[in-house]
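Every number here is computed from the coordinates shown, using simple stated rules; none is lab data. Being a predicted model, the structure only gives us computed values, none of them experimental. Neighbour counts run over all protein chains shown; Cβ positions are idealised from the backbone, glycine included.
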Amino acid sequence: MVESVVERITRGHFWDFHGGIHPPEQKFLTSNKPIKQLSLPKQLIIPLQQHIGQEGDLLVSIGEHVLKGQALTLSTNPMVVPIHAPTSGTISAIKMSVIAHPSGLSQLCIIFDVDGDDRWRKREVCHDIELLANHQIIEKIANAGIAGMGGAGFPTHIKVNSKVSSKPDINFLIINGVECEPYITADDLLMMEQSNAIVDGIKILDKLLTPAFIFIAIENNKPKAIKALQQATAKIEKIKVCVVPTKYPAGGEKQLIQILTGKEVTSGQLPIHAGIVMQNVATCFAINEAVRHDTPLIRRVVTVTGQALDKPQNVWALIGTPINFLLEQCSVQHIKNEKQPVIMGGPMMGFSVSSELVPVVKTSNCILVPSKVEMPSAFEKESKEVECIRCGQCSDVCPSQLLPQELQWSAKAKDHAQLKKLNLSDCIDCGACAYVCPSQIPLVHYYRIAKAEILEQQQLDLKAEKAKTRFEARKLRLEKEKVARHEKQKKAAAARKAAMNKATPEATGAKSAVAAALARVKAKKASKDQVQEQTNTPDSQTNLSSDVADDQKSQVSAAIARAKAKKKLKAEATNTLSSDNNDANKIVDALETKSTVTLQASVDDKKAKIAVAIAKAKAKKLNKTNDAAADTNKVTKHTLAVNMDAKKVVNIEDKKVKIAAAIAKVKSKALAKANKVNKETDDTSRINYPVTNNETQSKYKPAELVQTEQEDIAVSDSTGNSKNKNITESKPIISIDKKAKIIAAIAKAKAKNKLKEISLVEKNNPDNV
Amino acid sequence: MNILLAILVLGSIAAVFGALLGFASVRFKVDADPIVEQLDALLPQTQCGQCGYPGCKPYAQAVADGEAINKCAPGGEDTIKKIADLMGVEVQPIDESHVKGNIAQSNRPKVAFVIEEDCIGCTKCIQACPVDAIIGAAKQMHTIIVDECTGCDLCVAPCPVDCIEMRELPETIHNWQWDLTSIPVTQLD
């Protein structure tokens, strides 16, 4: 098979690929002029990503001076190709800049101020590549940042690494010098001028890949290049220069393989699967530079052509050179008078650039500046597209043997399944179908849109799949956490119960003490019930000033005094003990009460505290009803205005603190929202408070009495709702308020704890109540 | 006699096939309703809950049980069409009452963004995120993992300081869509 292919080629017989076109050639504009060496531009714009794959990690920072050939990015994985400083200079910025992409979007670029010295970093020239191991050569290629220079920009070091597992033996290495685009002569000129360097590069590839045969394919419209390469390879048996007939797109990878070997690369497969590797001539040149001269890929040949230019010519352009610099060098004629289109790449597959600051990158081989006569369609704003007439010319010329008109309809209908069936992915965007279309349908545009959409859909599907797995993982996790929480709660409850029922002296002591206290409370309650029936109306909540028996009064006042002393102590100790009822506080409180105060006192104390709490709750309720409609911001002003009504004032002050906290939290939320929230809280408080009061009342009626007494003796404590005092003294109101608030908070917390404790005891010993 | 033979033969054939079918129904039993999986695959998996169900799978289950097919706002008309195809029902216009915010209106995908200087570290958004795409801890600043965010909008409402907003993903060359007017494929003369 291999022999027969070689035989045919030596006889000069080639296969043909399906379709293809013969667009009028414009290579004469540049093919007879040598490659021009340009002066250094003032500034370079070097995009971080110039190839298929990802950006490398930046190695330089703004203001840093770098030498020619110094690496600017670091390759961290095989799909990353590093970039290098094309000349010596300073990094002036690293920012988003328009790049060579049809979208005209920006990407991260290094803006590079050229210093003009063109000073090289230290280079290690290799005289004999035979001394280098294959992996060293591949490393050199990778570090030189070489990506395929034919157009796609696939990282070369991956393509030439034959040691990667599961790659079959290489039968043919094909060097692609076809260059079928009608304007471009960059490879042509390179082959003419640098044939020996290219052959040296091919020798390096030969060492790496050890192919059976090497073909250099050149179209028959480049006689000078053919001659140069034939001379350079005359002594090498293995290398054959193949002169292939001119036809567009003979330079396509799969098309060229078919021309030379008659093999068709199956859809979805790579040439390597058929034992074939293809490299561009410019890539071979770059490989030679990199391996032998330690010169990274920092410049390339660019064809600057088009009839709008005075001096179209091939130039050696540094990577990162803005195209306006190249155009200046080749003297643009009509660029000022109207919107002159500038096309990057050839006329068949290129795209118009959106800015003249777009830089040359590793894959740019041509800048085309057509005149209006030459390419009128480039100047037209609107497409002349008319309906498809089903002539079928497009499928006649399609090199991939697709059905362009079917594809077009499916692309317009966004029928992705059908497009897949029609093998849209095999379309090489060559533009032959659009070229022959009598209806001037921009077919390739439709395919490109469809391809991008399919790609996006694939990404979305991937993302959806990921979201789904994450969602399910989360659900599982929440389920697990819930079960764990239940287990924990069960265990904790069991532990508590066990501790209570255990016959330790502590537990029994606590129990008996509580029982004794409860018994006393009950006895007292019974005696007070009588008094209450006489004095209090059922609606005693609102009746704040009622008379109470004298003996009780004195008793309670003593208790209150004690309680107050204790509260103050505590207030000082804890300063701003909040009313959060954590277990530790509860225990401490309980113990303290037991150890310091006698049992009698503790009951009184309890009562006093409960009273305080109820008083406070009531006051709060009253305040809330008053202020329900009030705006949160108004509350502060309102407070100052009505401080004659001391009760209100105190409570408003009290609330102010809370509101202030609330305001801070919901500051940015809408005012309407805030109002709504306030109303809601008010509503709930309105519903809740009577209930709690009733409960407390029914359970602890003596407490009610204590509270009323307290007011009678005008003790200005906790709630601070002593009317007389506040009416006369308006100045110290704030300090009193503060103190009162702290005390109230503590009292409240304590009362709450006591209540809880009692209720707990009640629950545990239902017989005692 | 003949009639008896016929009955016997047919009867035994029926018994054999009955046994075969019975065996097959036990042996090749399908546990889950495969239609739910297929529906779930059509849904966009944003887990946004705009349909009124706590995720895409529950909605798929509901559709399989006869729920309206036009409640998926992020999926839009496309998804409705696909579900209609699968379920063999008429395509319905999207139910506007289930379109929350601007997810359905905008073409570009959006993701949540935490304005980090305003974040108070309340962890409320973390609890709301259906795909665990928010990282942070109590009283620590939170942030969104952009790649994982489905743009479901569920974290915006719980934020007490309104520091989460939905932002469009920037257009890059990787997600850029070709525009017909930008590249002239030209005809030479």
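So the values come out like this:
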read-out	value
For B:Gln47, residues with placed amide H under 5 Å, excluding near neighbours	B:Cys56
Residue-by-residue Karplus 3J(HN,Hα) for the range A:419-435, coefficients 6.51, -1.76, 1.60, Hz, glycine and proline x	4, 5, 4, 7, 6, 4, 5, 8, 5, 9, 6, 6, x, 5, 5, 5, 5
From phi via Karplus (6.51, -1.76, 1.60), per-residue ³J(HN,Hα) for the range A:359-376 in Hz, x at Gly/Pro	x, 6, 10, 5, 9, 7, 10, 8, 10, 10, 10, x, 8, 5, 5, 5, 9, x
Between 0 and 90°, nearest 10: helix B:76-87 axis offset from chain B longest Cα axis	10
Rg(Cα) / (2.2 N^0.38 Å) computed for the range A:178-287, rounded to two decimals	1.02
Taking chain B and dividing mean pair separation by its residue count, relative contact order in percent (alpha carbons under 8 Å, at least six apart)	16
The range A:215-347: proportion of alpha-carbon pairs further apart than 25 angstrom, %	46
Rough spin-label spacing in nm, given labels placed 7 Å along Cα→Cβ, for B:Ile115 and A:Asp529	6.2
Mean shadow area of the range B:106-170, taken as a quarter of the surface of its Cα convex hull (nm²)	4.0
Computed over the range A:159-236: relative contact order in percent, which uses C-alpha pairs under 8 Å that are six or more apart	45
Angle in degrees between helix B:2-27 and the longest Cα principal axis of chain B, rounded to the nearest 10	20
Derived scalar couplings ³J(HN,Hα) [the range A:68-76; Karplus, 6.51 cos²θ - 1.76 cosθ + 1.60; whole Hz; x for Gly, Pro]	4, x, 6, 6, 9, 10, 10, 8, 9
Long-range amide H partners of A:Val304 with built H, under 5 Å	A:Gln313, A:Asn314, A:Val315, A:Ile367
Diffusion coefficient, µm² s⁻¹, Stokes-Einstein with Kirkwood Rh over alpha-carbon pairs of the range A:2-368 at 37 °C and 0.692 mPa s	157
Test item: Cα-centred dipole of the range A:385-500, Lys/Arg +1 and Asp/Glu -1 on Cβ, debye	1960
Point-to-point label distance, A:Ile389-B:Thr143, nm (Cα→Cβ direction, 7 Å offset)	6.1
Near-label residues of the range A:99-118 by backbone N, under 20 Å of a point 7 Å along Cα→Cβ of A:Thr90	A:109-118
FRET efficiency, B:Ser12 to A:Asp16 (Cβ-Cβ, R0 45 Å, nearest 0.05)	0.10
Over the range B:106-170, relative contact order from alpha-carbon pairs under 8 Å, at least 6 apart, %	46
DSSP beta bridges in the range A:284-377 [antiparallel fraction, %, rounded to 5]	80
Amide H contacts under 5 Å for A:Arg299, placed H, 5+ residues apart	A:Ile319
Length released on extending from A:Glu472 to A:Thr246, taking residue separation times 0.36 nm less the Cα-Cα span	75.5 nm
Spherically averaged projected area in nm², based on the convex hull that wraps the Cα atoms of the range B:35-98	3.4
Residue pairs, from the table A:Lys420/B:Lys82; A:Lys33/A:Lys95; A:Lys384/A:Lys451, whose Cα atoms sit over 27 Å apart	A:Lys33/A:Lys95
Calculated on alpha-carbon atoms, Rg and Dmax of chain B in Å	26.4, 97
